[in-house]
Each structure stands twice: as structure tokens, then as C-alpha cells.
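Trainee: The structure follows.
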Amino acid sequence: MKNIKTLLIVALCMTAVCTYAQQLSKGVSKELAAQRKTNISNVIYDLTFNIPANQKENISGKNVITFDLKEKADVVLDFQGKFNGTCYVITKKGKKERRKAVIATYHNEHIVIPNKLLVPGTNRVELSFTSLDKALNRHQDYMYTLFVPDNARSCFPCFDQPDLRARFVTTMKAPTGWKAMTSDPCCPLPTYLYSFVAGNFQEKIDTRDGRPMRALYRETDPDKVKQLDKVFDEAAAALRWMEGYTGIANPFSKEYGLVILPGYQFGGMEHPGAIQLSDRRIFLDKNATQEELLSRTELIAHETAHLWFGDLVSLKWFEDVWAKEVFANFMAAKITRRQYRGIDHDLNFIKTLQARAIAIDRTDGTHPIAQELGNLNCASLLYDNIIYDKAPVMMRMLENMMDAPTMQKGLQAYLADNAYSNASWDDLIEALDKVAPNVNVRQFSDVWVKQKGLPTIVTTYRDGQLIINQIDPYGRGLCWRQKFEVKLIYELGNTRSVTVNMQQPSVSIKVGTRPDYIIPNADGRGYGIFTVDDEYAQKLPKRLITTRNDLQRYCLLQIIHENYLMGKIPPSHLGELYRFMMKEKNPLIMSTGVDHMFKISTDMPMSSRKTLELCMMDLLRENKTKECRQYILQKLSANAVSPEVLDNIQKMFDAHNDPAFNEHDYMNMAYRLAIVRPAQREEILSKERARLTTQDLRDEFDYVSRACDPSAEVRTKVFNSLLKPE
């Protein structure tokens, strides 16, 4: 009878667990995360990974998870891989340990461990598992993990939510001779910041400011490898600047570790102690442009800034992912300003951040910077130019309103109060509001952060008044508070700059005599679609060549393009743009001008587009600056349709000796020529593949060139294959 009762109790317990498991949805819901956060703390993952040399064999492992329970309850782990159903629960009573095998329920990517063997206080659970390849990024002789935003659970059982930080102890059983790197084991991290890397890497170890630095890489070109000295210098400079700005020493004690990876899917990822970076962004060619050099510095600064904003203080929930990215880009712009003193950094900020943000924000597909997220399995959909680029623009606006020292004071308090923990955007707003109570930070955030879109800002002259109206494209009556400059130009050469403080939807400023030209947002500080009356709009292109100030010239170029997109300036302004590009020397402005020319060309009938492409070839003879030549040739080789231009590209591709091109440029040429000349596709692709000097380049080329097949059916199969998790 006693045995029957025991079996009945076990059956009832298992039924209750199954019912609970069946209520769990795939992914990690906000509700599940909140439940776990209130009851679970002090998490440690002691992980062992068995990494076979053959990438077709599965990676397996063991995870011993230590955690504290506030109250006795079922424990839900997240896992997408293979699990045999058995785990061991280890509890301690006095000095005695108890180890019990448990058949856990596995349902909808969750392992549910019944509470009957768990206790309030410290518990340990041991599980063996087989990982999915989804986030392992495995190659023939190396692999790296990338768990952001919610992919740690594809590799090992865990609490895969950002606000359950844990310490990670990692043991890797990898092939002999492989080098490895893991995230800093000394400090608690969210699962998305944990990483391990292993493989046939080269290694460089050095010190800067007494701090050990280590890089793993696969590059073999000795001239490129020498650039690691510069990379370490820039990382050290970024660390010094961040320590000075935040008042907090580097929050992670481990060496500053870098893994530089071929074919990396992002620019970088901020795992503390094992920052991952794209080799194409780090190892630059001898003919690297100013933009590429700036971009490398910004990337290193961005990932370094994350050690404070994102790693030291992490987000509570992934709907605030932008709140870590905003500071990484915002701080990177400040750090880069210190390292490149000969660059117009205001111009670079507008070009690299503001212009990209507006390109998305002006469309019907835009969204607020802050978005809601019900389940982490949708977190990857949050990433775009709004969170990376509009958010820093917003932060610069807020800094201008607060003043820089006051914002710095608020950010220092925010970091100190939330160190090695998690915080939300609203927590940050509270910190800033305390140091600047008169700025109405919350009201600013409600419009700039929590509402979608951007204003159309119309500047009009009427009876001695400059009238500036802000129009909300969605009819909500919002006002984006901001400051910017309007430049008034008169035929006799007189100019006047008017500062507009837009604190309400309409502003009138007395200016007197009617100007001949009105250039809105001449200093680029404003954010929106800036336009003027049609008469003034159509005169704007004439000012391009005569505008001497680089920043003002770039801002004017952007305003002309926005008004072209609105239909207020006809395509015929291309003539003024062409004359402008013949003489332009600033590479930041030049690349934008070339982009605008290509945009106009795609709006033209095919016959006109072919003519324009020939004009662009002529431009190479008129403007002989290195960056102009590189940028136009790169654009043409990726987009050309004109037979004459394609013939020229074919000649350059066959010769393979133009110093303006690197090997990736020739790879892009091969893709383009293979697409537009399908009869020669195999010959072109074979010729380029034979030139590639490393297996990593060949792997990349093989991966991409599949999409050059003339058969729509084959291309469909290629793109459908990308839907597979691996």
C-alpha cells in the first residue's frame, strides 16, 4: 500500500510539472524572466565543452549550475539542444551533500526541474547536453560563439535572460594546438555576454599602460599583422578616456582580449576579456581610405565603451538594447575626436550617424527608439539604424540641453549605483533628472525616445520674418525640442546666421531684408527633414561650389538630397552636383556626393543611367584624389549596367593590378560581372577564386558566389538555405 501511495504522489507531481511545462512558450517570455528574477540569484555556471576536430561532429558538454532560491519552487532552464532528460540535483544539509537523479520535463525549449528536491537557499544542478550549432560558428579549424541576443540557450542549459547575471567557469577540451579565449570569469555577466573561442589562431601579446593585451587572429599578411600595434594603441587610448570620463577604472580585471575573425557577421561584440571584431574592419589595406581608418578607430572605441555601458551595467530586458548601443556610439564619437585632431568630427558624426538614422526614420517603416519586447526570441528584430544611429543623435541633443559636465555627472552616478548589475532606460532618466531637474529630461525622452519618426521642418520668409514650422508627419502634434542654425545669404556677399531654439512647433524670428538664399540646418545640429519654399529649394544646388566651410558644405549637400527625394529639386541638379564633385577634396563629403549621384542614376531611365555612368568614369579624370577614384570605382564595379563601363571593369578585373583596389574589391567585381555576364560566370568566378591566397577568403567567396547563379530556382534554394539556424 505504501508503494502504491508513493507512486501516486510521484505521478501527481509529474502531472503538475507537465502542466506547468506545457504553459511555457518557446523563447523566454517577459513573464518567465520576471518570475525567475524574483526567486533566483547568485548563479554560477561551471561549464565543460568537448570540441571535436571534425566540425560535423556535435559539441557536447556538462553544466553544473549553482544558484540560490528565495523560495522553494520548480526551476525552469532554457535550452534548445539535445537533452536526455536526466539531471542530478545536489543539495547540502549541514556538512553532508545529497545527490539525486531527477527526470526533468523538457518542453518548448525549457527544462523544468521539479521543486521536490530543491531547497530554499543554495542548490546545484548537473546536466549533460549536446549543443546546437546555431550560435557556435564552426569552421574547419576554429570556432567562436556569439550568443547575443538570446542564443546561449542553443549551446547549454541556462537562465537566458540579461538580468540574471552569473559567473562562468569554462573548461574546453579542444584539439591539440588550438588556442582559446573566454569572457572574464571574475565578474558576473549576462548569458549574452559570455563567449568562448577556440581554434588554430595566431597570437600577439603586449602591454599598454601596464595592462596586458592579447589578440587572437588568422591573418597571414605580415603588413596587416603589424597593424595590431596600432589596434592596441587605440584600445589603450579608449580605455584611458573611458576611465577618465566615468571615474571608474576598467571594470574587468582580466587582460584586454581581442579575437579578430574572418567573415564576422557584425563589426564587433563586447564580450569582456574576449571582444570579437571583424577582420575586414581591423586589418586594412595599404590604400585604406580616411573613412576606413576612422571606422576602425570608432569600432574599437565602441566596443571598449561597452565595458562600462553594457557590461558593467547591463540592460534589464532586451527592449532596452538600444540603451547600451547609444552610449557605445556616443562615447566612441568622443574618443575618436581625441585621436584624430585633423578631422572635422562634427561632419563625421552627421555622416556616420545622423544621415543613416534619417534614411530609416523618414520612411513608413520607422519605429521609436524604445520598443516593447514580449519574448526574447524576437530580440534580434530590434537591431537597426534607429537604435545604433538615431539614439546617439538624441543623446547629443540631450547633452546640449543639459550641458556636457552635468550629463557626465549624471552618467557617473548611474554607473556607480548600478555597477555589476542591470538598469533600464527609465533608471538612467531618473539619474539624469536628479542632476538637471530644470531640463525636463522625461518630457524630452517621451518624444525623442518613445515616439517614432522625425519632424519635417519648413523654413519660410514672410514680411521680414523667418518662420520655422515643425510638422509631425503622423499628426500627433509633437515637438522635437532642439537647436540648429539657419544661414541667410544675400547677393552682395553678406551672410547672417540665425540660431533657432525650437521649443515649440512654430518659431518666428525677425530678420529684416529678404535673403536671396536660405540654408536651413547649416550647422547640422538639427534632426529632421529640412526644407524651404520651392523657390528657395531650387536655388540651393547653386551654393554647393561657393560654400567653403566643410561642415556647411556637407550639410547643404544633405539638404539638397532630402529636397530632391521630396520632389522639390529636379534630377537636373545633377549638373551642379557633377561640377561640385569635379573639385571636391574632402573624402567624407566626396563619398556622400558619389552616393547621391548613384541614387539619382537609379531613378533614371536605363538609357540615361548608362550615360551617367560614363560621366562618372569621366569624373575620374577630373578629380584625381585617391579617395574619389577608389569610391567611384568601387561603386561602379558593384552597380554598373553600361556595357562600356562593364568592359572597363572587366579589363581592371582581368589585370588585377590596380592599387586602388583590395582583394575584396576584386571579389565584388567578380560577383557583379558574373551576374551581368552569365555566359562567362564560371570563368569569372574560377579566375577570382584561383587568386585567393587564404582558405578563409576562399570560404567566404564560395559562400557568397552561390548567389550569382543565373537560375532563379538555384538562387531561391540558396536564400532558403540561409533560414536554417546553423
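The values are calculated or read from the model by the stated rules, or taken from the named source; none is laboratory data. What you see is a predicted model, and the numbers here were worked out from it, not measured in a lab. All Cβ positions, even for glycine, are placed from backbone atoms using ideal geometry, and neighbour counts span all protein chains on display. Side chains are part of the model used for accessible areas, which takes the heavy atoms of the whole protein and leaves out ligands, DNA and RNA. Shrake-Rupley method; radii C 1.70, N 1.55, O 1.52, S 1.80 Å.
Trainee: Do any strands (runs of 3 or more DSSP E) lying entirely in the stretch 156-216 carry at least 1 residues that are touching a Pro at 6+ places or on another chain (Cβ under 9 Å), and which ones are they?
Mentor: Result: 166-173, 196-199, 202-208.
Table: residues versus (1) of a type in the set (A, V, I, L, M); (2) at pLDDT below 95; (3) not in a loop (DSSP other than H, G, I, E, B).
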{"residue": "K450", "(1), (2), (3)": "no, no, no"}
{"residue": "I457", "(1), (2), (3)": "yes, no, yes"}
{"residue": "I468", "(1), (2), (3)": "yes, no, yes"}
{"residue": "T499", "(1), (2), (3)": "no, no, yes"}
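Trainee: Considering each residue of the stretch 352-379, count those that are within 25 Å of K334 (Cβ to Cβ) and touching an Asp or Glu at 6+ places or on another chain (Cβ under 6 Å), and give that number.
Mentor: Residues flagged as within 25 Å of K334 (Cβ to Cβ) and touching an Asp or Glu at 6+ places or on another chain (Cβ under 6 Å) within the stretch 352-379 amount to 3.
Trainee: In the set I275, I205, I260, which member is open to solvent by less than 40 Å² (accessible area, probe 1.4 Å), hydrophobic (A, V, I, L, M, F, W, C) and without any contact (Cβ under 8 Å) to a residue 40 or more places away in the chain?
Mentor: Details: I205 fails: open to solvent by less than 40 Å² (accessible area, probe 1.4 Å); I260 fails: without any contact (Cβ under 8 Å) to a residue 40 or more places away in the chain.
It is I275.
Trainee: I want to confirm something. Restricting to the stretch 440-459 and keeping residues that are of a type in the set (A, V, I, L, M, F, W, C) and under 25 Å from V486 (Cβ atoms), which single residue is surrounded by the most Cβ atoms within 10 Å (Cβ to Cβ)? Before the answer, list the steps.
Mentor: Here is the first cut: in the stretch 440-459, the ones of a type in the set (A, V, I, L, M, F, W, C) are 441, 444, 447-449, 454, 457-458.
With under 25 Å from V486 (Cβ atoms) added as a condition, the list becomes 444, 447-448, 454, 457-458.
Values: F444: 20, V447: 17, W448: 24, L454: 23, I457: 26, V458: 18.
Looking at residues that are of a type in the set (A, V, I, L, M, F, W, C) and under 25 Å from V486 (Cβ atoms), I get I457.
Trainee: Scan the stretch 694-716 and report the pairs whose first residue is closer than 17 Å to Y264 by Cβ and whose second residue is among the aliphatic types (A, V, I, L, M) and crowded, with 17+ Cβ neighbours inside 10 Å, with Cβ atoms within less than 7 Å and a gap of 6+ or a chain change.
Mentor: R698/L692; F701/M667; F701/L692
Trainee: Ok, one more. So, in the stretch 184-202, exactly how many residues are in contact with a strand residue (DSSP E or B) (Cβ under 6 Å, 6 or more places away or on another chain) and either of a type in the set (A, V, I, L, M, F, W, C) or open to solvent by less than 50 Å² (accessible area, probe 1.4 Å) (or both)?
Mentor: 9
Trainee: Now for a different question. Tally up the residues in the stretch 31-72 that are within 29 Å of the chain's Cα centre (by Cα) and open to solvent by 80 Å² or more (accessible area, probe 1.4 Å), please.
Mentor: 2
Trainee: Every residue in the stretch 543-595 that is in contact with a His (Cβ under 9 Å, 6 or more places away or on another chain) and surrounded by fewer than 19 Cβ atoms within 10 Å (Cβ to Cβ), please.
Mentor: D595
Trainee: Where residues in the stretch 115-126 are in contact with a strand residue (DSSP E or B) (Cβ under 7 Å, 6 or more places away or on another chain) and over 18 Å from F156 (Cβ atoms), which of them is least open to solvent (accessible area, probe 1.4 Å)? So that I can check it myself, show each step before the final result.
Mentor: Of all residues in the stretch 115-126, those in contact with a strand residue (DSSP E or B) (Cβ under 7 Å, 6 or more places away or on another chain) come to 117-126.
Checking which are over 18 Å from F156 (Cβ atoms) leaves us with 117-122.
Details: L117: 32, L118: 2, V119: 44, P120: 84, G121: 26, T122: 81 Å².
By that ranking, first place goes to L118.
Trainee: For the stretch 312-410, which fully contained helices (runs of 4 or more DSSP H) count at least 3 residues that are in contact (Cβ under 8 Å) with a residue 60 or more places away in the chain and open to solvent by less than 10 Å² (accessible area, probe 1.4 Å)? Can you show your working first?
Mentor: Working: elements: 321-339, 345-349, 355-361, 391-402.
Counting at least 3 such residues, we get 321-339, 391-402.
Trainee: Here is a follow-up. May I ask you to list the residues in the stretch 77-105 that are of a type in the set (K, R) and not in a strand (DSSP E or B)?
Mentor: Initial filter on the stretch 77-105 (of a type in the set (K, R)): 82, 92-93, 95-96, 98-100.
Residue satisfying the conditions is K95 alone.
Trainee: Kindly evaluate G247 against the criterion of being surrounded by fewer than 20 Cβ atoms within 10 Å (Cβ to Cβ), of a type in the set (G, A, S) and either over 24 Å from the mean Cα position of the chain (by Cα) or within 17 Å of G273 (Cβ to Cβ) (or both). Explain how you work it out, then say what you get.
Mentor: Numbers: surrounded by fewer than 20 Cβ atoms within 10 Å (Cβ to Cβ): yes; of a type in the set (G, A, S): yes; either over 24 Å from the mean Cα position of the chain (by Cα) or within 17 Å of G273 (Cβ to Cβ) (or both): yes.
Answer is yes for this residue.
Trainee: In the stretch 213-228, is there at least one residue being open to solvent by less than 40 Å² (accessible area, probe 1.4 Å) and farther than 29 Å from V704 by Cα?
Mentor: The answer is yes; a qualifying residue exists.
Trainee: Going through A436, A416 one at a time, which residue ends up being over 23 Å from the mean Cα position of the chain (by Cα) and open to solvent by less than 30 Å² (accessible area, probe 1.4 Å)?
Mentor: None of the others qualify; the one that does is A436.
Trainee: Check whether at least one residue in the stretch 277-300 is at pLDDT 95 or above, of a type in the set (D, E, K, R) and assigned to a loop (DSSP other than H, G, I, E, B), and report yes or no.
Mentor: Within the stretch 277-300, not a single residue is at pLDDT 95 or above, of a type in the set (D, E, K, R) and assigned to a loop (DSSP other than H, G, I, E, B).
Trainee: Please state which of the following conditions I569 fails to meet, knowing it meets all the rest: (1) touching a Gly at 6+ places or on another chain (Cβ under 7 Å); (2) assigned to a loop (DSSP other than H, G, I, E, B).
Mentor: If we test I569 against (1) touching a Gly at 6+ places or on another chain (Cβ under 7 Å); (2) assigned to a loop (DSSP other than H, G, I, E, B), just (1) comes out false.
Trainee: So which residues in the stretch 278-311 are free of Cβ contacts under 8 Å to residues at least 12 places away in the same chain and within 15 Å of the chain's Cα centre (by Cα)?
Mentor: Selection gives nothing.
Trainee: Specify the residue that is modelled with the lowest pLDDT; the eligible residues are those in the stretch 675-726 that are open to solvent by 70 Å² or more (accessible area, probe 1.4 Å), in a loop (DSSP other than H, G, I, E, B) and out of contact with any Pro (no Cβ under 7 Å at 6 or more places or on another chain).
Mentor: Ranking the qualifying residues of the stretch 675-726, first place goes to E726.
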